[in-house]
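Enquirer: If you scroll down you'll find the structure; I have some questions about it.
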Amino acid sequence: MKLFKKKQEFYLSDRQPLTLMGKLMLMLSYLILTGWSIVIVWPLSQMVISAFNGNQGRYLILNRVTDGSYEFSMKHFRFLFEETLYLTWVKNTLFIALATAAITILIVSFTGYAYSRFRFKGRKPSLMAIMLIQTIPAFAGITAYFTMHSVISSVAPFFSRQMMLILIYAGGGIASNTFILKGYMDSISTELDDAAKIDGCSNMKVYRLIIMPIVRPMLSIIALWSFIGPFMDYMLPRVLLTNPNDYTLAQGLFTLMNNRETLNQPAFAAGGLLTALPIVILFAVLQKQLISGLAQGSVKG
Amino acid sequence: MKVSLKNIGKKYEGREEFTLRHIDLDIEDKDFCVILGPSGCGKTTLLRMIAGLNSITEGDLLFNDKRMNKVPSKDRDIAMVFQSYALYPHMTVYDNMAFSLTMRKERKSVIDKAVREAAELLQITNYLHSKPSDISGGQRQRVALGRAMVRRPRVFLMDEPLSNLDAKLREHMRVELVRLHKALETTSIYVTHDQTEAMTMATKIVLMNEGKIQQAGKPDEFYNQPANLFVARFIGSPTMNIFEGMIKDGQFISKDGHIKASPSDKDEASVKAFEGKEVSLGIRSERFLTGDAQEKIEVTVDVVEMLGKEKILYTKLPSGDEIVISVPGHLDFTEDEKYTFGIDHGALHFFDTTTGERINK
């Protein structure tokens, strides 16, 4: 019994024991964190519940589960698929997101590799220029984009507004991501390049066979960011895309919120829920890559 | 394969000065040539130029009398072991070793045979399917060697390959590398800043400093006949004792007058030519006589370092100049006591103080 008691007295934590003040501060921290998570979780849960609540009308009301005002139903989803162009919007958004991610990855691979590995005239100034350019929000150039699009499409009619949107997203992504990828590649020893060159690789092969597999975590993060962008953005599609058949998800769903004729707020909630799906799936698939990438990126800074 | 460097020079982009200039060097077939020098002397640059990783600003690089200046690395028939090993982290040991042959589109069976042979020789067969991050430093070192061996190069380049290993393993790998060099029958060029590695492994040493070759030749020449003051100071541990002074009546007299040393009969003529001029005298720590001799120095022992087989005495002349003397470990010496040591005429190195060049050839 005595031995047992003694064991209990061991203080195993590496930290100093908490003082009274420390305990109070700890409680305060928990309070703040709890409050914070309520602020985030409550609206989200309301959205999810509303999406499945058959008793919700066109306007969202507060869900009350207890007094029988909740009734499980898929009618908002049905509405979304049957009465709106939801599937077209999904298709549009996926097309734009995938194309953006693909173009960004492809070009950033080249620019990142070039800036990291080669010394050429204008390297520093152009890096500087890229850094300055990325501080200007893409939206600032909206009139220019508009004119550019009309000029190009008058020559090449197949150049749609969606394509213009892809180019804008990709262009913005290339600027900032070139920096990130360059920094990441700088941390890879150039002796690897040398070894590969002696082993018989051309510059392209050095990238494809040696560097790319090593920077894959960073590439997947860049791909993910570029992919998510079009899902989140509302302003650019709102200005550029005028035909409901061209709408992206964010823009399309917004018509369920702001347009008196098509107003259906629970359907908006349902649509928002579904929109999250592809991103969640992507996160799950890339999880392994992302975690190592984020961790390494954090060390590199 | 014979490697010749003819008046090679290298200037990096954006630098005012040449990093290397007027390098003339012949490395015979099957030589184990060690390029030795302090850091920043341009030895790695020289190796990278031979490998084709750095361009050659001036001069010619010849492999068997064929000019190689513009030939890309992969076609030079060379292999290189890097300081950091430069193993491809995403590939297994096997893939790392097979990589160069895969790039040459060799048949699978040929690659497999070559890799297994090399793995056998280096005793890494058990790790063939591990990733480089899962094996120890010594094993990585072997994989790096194996990767270079697999392609059967005609010139084997190594850039400080042992500097990341612990002392024990380094000693072991030194022998192993020499054995490997003999088995492969290639020309090896090895860069290091460690004189022990150079002395033990090389058939030919090239000592460089400040972008110039100071001396090239066999290891024993370096120790017994250093060509100038830099070489004399660089090679040997403890560092050679150097005294400044002048020649008077065919005899060396140090500045403070405490050391008088006559050259041996063989050196007499060449030393006499410097009569009245400033000369530096070099004596290795182990070449002082504990027995009787004609010319003697009297020193006070400051610190005794016991190394087992020998003792290193840090002593002071009456003038305060320090002399390092090593004596057999079984002799007794007490700190702060005075002792006399004899000077061995056969062990004197005379150097011209102004140019630093050796006088007694």
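Enquirer: Hey, got the average number of other protein chain Cβ atoms within 10 angstrom for residues in B:52-60?
Expert: Per residue, the number of nearby Cβ atoms from other chains is 1 on average.
Enquirer: Label points 7 Å out from Cα along the Cβ direction at B:LYS2 and B:ASP302: separation in nm?
Expert: Placing both labels 7 Å along Cα→Cβ, they lie 5.0 nm apart.
Enquirer: In chain B, how does Rg compare with the Kirkwood Rh, expressed as the Rg/Rh ratio over alpha carbon atoms?
Expert: 1.06
Enquirer: Separate question: Mind listing which trypsin sites (Lys or Arg not before Pro) in segment B:80-155 are in a DSSP loop and have 15 or fewer other Cβ atoms within 10 Å?
Expert: Numbers: sites: B:ARG104, B:LYS105, B:ARG107, B:LYS108, B:LYS113, B:ARG116, B:ARG140, B:ARG142, B:ARG147, B:ARG151, B:ARG154; in loops: B:ARG104, B:LYS105, B:ARG107, B:ARG151, B:ARG154.
Those that pass, being in a loop and sparsely packed, are B:ARG104, B:LYS105, B:ARG107.
Enquirer: Turning to a different aspect of this structure: Give me A:HIS76, B:HIS90, A:HIS149, B:HIS22 sorted ascending by neighbouring Cβ count inside 10 Å, so fewest comes first.
Expert: Details: A:HIS76 24, B:HIS90 16, A:HIS149 19, B:HIS22 13.
Listed from fewest to most nearby Cβ atoms, that is B:HIS22, B:HIS90, A:HIS149, A:HIS76.
Enquirer: Determine the shielding of peptide B:86-92 by partner chains: average, over its residues, the number of Cβ atoms on other chains within 10 angstrom of each Cβ.
Expert: 5
Enquirer: Answer with one residue from B:VAL175, B:PRO226, B:VAL304: the one whose Cα lies farthest towards the positive end of the charge dipole of chain B, charges on Cβ with Lys, Arg +1 and Asp, Glu -1.
Expert: Toward the positive end, the furthest listed residue is B:VAL175.
Enquirer: Placing +1 on the Cβ of each Lys and Arg and -1 on the Cβ of each Asp and Glu in the protein assembly as shown, which of B:VAL191, B:PHE341, A:ALA276 has its Cα farthest towards the positive end of the resulting dipole?
Expert: Value computed over the given set: A:ALA276.
Enquirer: Distance from the Cα centre of segment B:26-54 to that of segment A:146-224, in angstrom?
Expert: Segment B:26-54 and segment A:146-224 have Cα centres separated by 37 Å.
Enquirer: Efficiency by 1/(1 + (r/R0)^6): what FRET value for B:LYS108 and B:SER130, r their Cβ-Cβ distance, R0 = 30 Å, to the nearest 0.05?
Expert: 0.90
Enquirer: According to a simple spin-label model (label point 7 Å from Cα along Cα-to-Cβ), what is the distance in nm between A:LYS75 and B:VAL71?
Expert: Going by the 7 Å Cα→Cβ label model, 8.3 nm.
Enquirer: Expressed as cubic angstrom per residue, what is the convex hull volume of the alpha carbon set of segment B:73-152?
Expert: Residue-normalised Cα hull volume stands at 87 Å³.
Enquirer: Still on this model: Can you bin the protein assembly as shown into rounded, prolate or oblate? Criterion: square roots of the alpha carbon gyration tensor eigenvalues sorted a ≥ b ≥ c, rounded for a/c under 1.5, prolate for a/b above b/c, oblate for the rest.
Expert: On the way: a/c = 2.97, a/b = 2.15, b/c = 1.38.
Prolate shape, in that a/c is at least 1.5 and a/b is the bigger ratio.
Enquirer: If you put +1 on each Lys and Arg Cβ and -1 on each Asp and Glu Cβ, how big is the dipole of segment B:3-231 around its Cα centre, in Debye rounded to 20?
Expert: Around 780 debye, computed over segment B:3-231.
Enquirer: Have a look at B:PHE350, B:PHE333, B:PHE222 and tell me which one the Gaussian network model of chain B (Cα, springs below 10 Å) gives the largest fluctuation.
Expert: Highest fluctuation among the options: B:PHE333.
Enquirer: Compute and list, largest first, the equivalent-ellipsoid semi-axes of segment B:125-170 from the alpha carbon gyration tensor, each √(5λ) rounded to a whole angstrom.
Expert: Values for segment B:125-170, descending: 18, 17, 7 Å.
Enquirer: Along the charge dipole of the protein assembly as shown, which of B:THR315, A:GLY141, B:MET80 sits closest to the positive end, that is, farthest toward it, with unit charges on the beta carbon of Lys, Arg, Asp and Glu (+1, +1, -1, -1)?
Expert: Going by the charge dipole, the pick is A:GLY141.
Enquirer: Quote the FRET efficiency, to the nearest 0.05, computed for A:VAL151 versus A:ILE279 with a Förster distance R0 of 30 Å and r equal to the Cβ-Cβ distance.
Expert: 0.30
Enquirer: Going by Cα centres, segment B:58-132 and segment B:160-184 are how many Å apart?
Expert: 18 Å
Enquirer: Still on this structure, please answer the following. If you take the beta carbon distance between B:ALA273 and B:LYS212 as r and set R0 to 30 Å, what does 1/(1 + (r/R0)^6) give as a FRET efficiency, to the nearest 0.05? Don't skip to the end; give the middle numbers.
Expert: Values: r = 25 Å, r/R0 = 0.84.
E between B:ALA273 and B:LYS212, to the nearest 0.05, is 0.75.
Enquirer: Nearest 5 percent is fine: what portion of the DSSP beta bridges confined to chain B is antiparallel? Write out the running numbers ahead of the final one.
Expert: Values: 55 of 74 bridges.
So the antiparallel bridges amount to about 75 percent of the total.
Enquirer: How large is the helix-only mean residue ellipticity at 222 nm for chain B, computed as the sum of -39500 (n - 2.57) over DSSP H runs with n ≥ 4, divided by its residue count, in deg cm²/dmol to the nearest 500?
Expert: Value at 222 nm, helices only: -7500 deg cm²/dmol.
Enquirer: Here's a follow-up. Once you've got the Cα coordinates, tell me which of B:LYS2/B:LYS113; A:LYS205/B:LYS74; B:LYS272/B:LYS361 are over 22 Å apart.
Expert: From B:LYS2/B:LYS113; A:LYS205/B:LYS74; B:LYS272/B:LYS361, over 22 Å: B:LYS2/B:LYS113.
Enquirer: I would also like to ask the following. Fewest Cβ neighbours within 10 Å first, please rank B:SER136, B:SER100, B:SER280, A:SER176 accordingly.
Expert: With the fewest neighbours first, B:SER136, B:SER100, B:SER280, A:SER176 line up as B:SER136, A:SER176, B:SER280, B:SER100.
Enquirer: Kirkwood Rh, Cα Rg: Rg to Rh for chain A? Before the final figure, lay out each step's value.
Expert: On the way: Rg = 25.8 Å, Rh = 23.6 Å.
Here Rg/Rh amounts to 1.10.
Enquirer: Let me ask something additional. B:LEU62 versus B:GLU286, label points 7 Å from Cα toward the beta carbon: distance in nm?
Expert: About 4.0 nm separates the two model spin labels.
Enquirer: Cα to Cα, under 16 Å, and not fewer than 8 places away if on the same chain: which lysines meet these conditions relative to B:LYS10?
Expert: Within the straight-line cut-off, B:LYS10 pairs with B:LYS43, B:LYS70, B:LYS212.
Enquirer: Counting partner chain Cβ atoms within 10 Å of every residue's Cβ in A:209-219, what's the average?
Expert: Numbers: counts 6, 6, 0, 1, 4, 3, 0, 1, 0, 0, 0.
So the per-residue partner count for this stretch is 2.
Enquirer: Considering all alpha-carbon pairs of segment B:238-352, what whole percent are spaced by more than 24 angstrom?
Expert: Here the tail beyond 24 Å accounts for 24 percent of pairs.
Enquirer: Viscosity 1.567 mPa s, temperature 4 °C: give me the Stokes-Einstein translational D for segment B:81-207 in µm²/s, with Rh taken as the Kirkwood radius over C-alpha pairs.
Expert: 87 µm²/s
Enquirer: Here's another thing I want to ask about it. So for each of A:140-146, B:58-64 I average, over its residues, the number of other beta carbons within 10 Å; can you give me the resulting order with the highest mean first? Don't skip to the end; give the middle numbers.
Expert: Numbers: A:140-146: 13.1, B:58-64: 16.0.
Highest to lowest by the protection proxy: B:58-64, A:140-146.
Enquirer: I'd like the Karplus ³J(HN,Hα) series for segment B:160-169: coefficients 6.51, -1.76, 1.60, θ = phi - 60°, whole numbers in Hz, and an x wherever there's a Gly or Pro.
Expert: Here the 3J(HN,Hα) series is 6, x, 9, 5, 9, 9, 7, 4, 5, 5 Hz.
Enquirer: Roughly what % antiparallel, to the nearest 5, for the DSSP beta bridges in the protein assembly as shown?
Expert: Here the share of antiparallel DSSP bridges comes out near 75 percent.
Only the coordinates and a few stated rules stand behind these numbers; no lab work does. All figures in this text were calculated on a predicted structure; none of them were measured in a lab. Because the Cβ atoms are built from the backbone with ideal geometry, glycine has one as well, and the counts that use them run over all protein chains shown.
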